[in-house]
Amino acid sequence: MPTLRTPARDAAHEHLRDARRADQAGLPAAGPLRTVLRLRRIVSNGRVTRGRRPVVASRPSNERSNAHTMGTHESRSTARAVQAGLLSWLLPGAGHFFLRHRGLGAVCFVAITFPYFAGLAFGGIKDSVNPRTNRWLFLAELPAGGYTLPSMFVSRAVERHIAQQAAQGRPVKETDYTAFYPESDVAQIYLAAAGLLNLMVILDAVARAQTGGLPTFHRESPPVAEPGSAP
């Protein structure tokens, strides 16, 4: 049955077309058509559009806030890891003290400090921490930077002192500042072992700072089965 066209119906269709054009052009609607436009809200993909400005639903905003919180936590853990690693490089065990693992920090301090200075006592300060005479040993000692760098400056000062004494014609006893075989080999073993051991201490402090104080192997350990549970 054909639809009867009346002046009132034609006017209503004309007003609706004008309202759609005004909405597409971004112009405000006036009159009773304002109510019709308010009903034309589109809800799709978690977004609600009202007029021209989109309003983000609550779920995406929560996701953004959670992402921001996670990013802040990661930046803080990274800062703590850098601080713990730097402190361990300057002083063995200081990074674990910073992370409130005082017992482990004390063990690391004793286990590295004793062999390092024992090696210096056996080998002498002149050649034991000197990149010019033994660069590979010096590289092995670098992880204990708080001990190696001051010892290197003392070694250079001793070299200058020996050179000044020789220039003035005064006799210099070489054994007062350096050692020979077999003491020199024992000193190299002690010093290299202490430096490389402190490298492991630095890595452990960094890992504990990133995991909130948990040991390095925590994420790799399998879950423990509860008693009475099926295998």
From the options Pro131, Pro92, residue that is closer than 15 Å to Gly195 by Cα, under 29 Å from the mean Cα position of the chain (by Cα), assigned by TED's automatic domain parsing to the domain that holds Ile162 and not in a helix (DSSP H, G or I): Pro92
query: Within segment 170-179, can one find any residue that is part of a helix (DSSP H, G or I), surrounded by 13 or more Cβ atoms within 10 Å (Cβ to Cβ) and of a type in the set (D, E, K, R)?
result: no
message: Please pick out the residue among Phe122, Phe109, Phe153 that is more than 20 Å from the chain's Cα centre (by Cα) and at pLDDT 95 or above.
response: Phe109
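The values are calculated or read from the model by the stated rules, or taken from the named source; none is laboratory data. In this text, all values refer to a predicted model and were calculated from it rather than measured experimentally. So basically every Cβ, Gly included, is an ideal-geometry build from the backbone, and we count neighbours across all protein chains shown.
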